[in-house]
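Everything on this sheet refers to the single structure shown next.
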Amino acid sequence: MLLNTRSTVNIEVAQTGEQYACGTGESLLLGMLRLGRKGIPAGCANGGCGVCKVRILDGTVRRLGPVSRAHVSQAEEAAGCTLACRVAPDSAVRLAVVGRLERPFARGRG
């Protein structure tokens, strides 16, 4: 997959205030990992584990691949939930970590 990192937008993780620049051609998760940042819990990085589940609070994203219904239901997706490894930003994004790592992460241990 070719990455278009020439055009970048700001990504903010609501629980921690962590911010990073992410290329519009790379996933939200890859942009964070590329910069060595911590903010979104990371697992397999290809949609199989569901660890990087987030809710998009502000901004727009586009799908880079399928999102497993085992991890994100249609109702959750309609409410703004997705996997950070499967979407790229089209604009600046503010997101919240959700799912099984939400509680420890929100307390600063994620």
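The values are calculated or read from the model by the stated rules, or taken from the named source; none is laboratory data. This structure is a prediction, so every number in the text was calculated from the model and none was measured. Here the Cβ is made from the backbone with ideal geometry for all residues, glycine too, and neighbour counts use every protein chain on show.
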Problem - Enumeration of residues in region 39-55 that are without any contact (Cβ under 8 Å) to a residue 60 or more places away in the chain and within 16 Å of residue 18 (Cβ to Cβ) - result: 39, 40, 42, 52, 54, 55
Exercise for the section: Examine region 58-68 for a residue that is closer than 14 Å to residue 93 by Cα and in contact (Cβ under 8 Å) with a residue 40 or more places away in the chain, and state whether such a residue exists. Expected result: yes
Problem - Of all residues in region 24-37 being under 13 Å from the mean Cα position of the chain (by Cα) and touching a residue at least 60 places away in the same chain (Cβ under 8 Å), the one that is surrounded by the fewest Cβ atoms within 10 Å (Cβ to Cβ) - result: 24
Completion exercise
Restricting region 29-40 to residues that are assigned to a loop (DSSP other than H, G, I, E, B) and within 16 Å of residue 12 (Cβ to Cβ), the one modelled with the highest pLDDT turns out to be 40
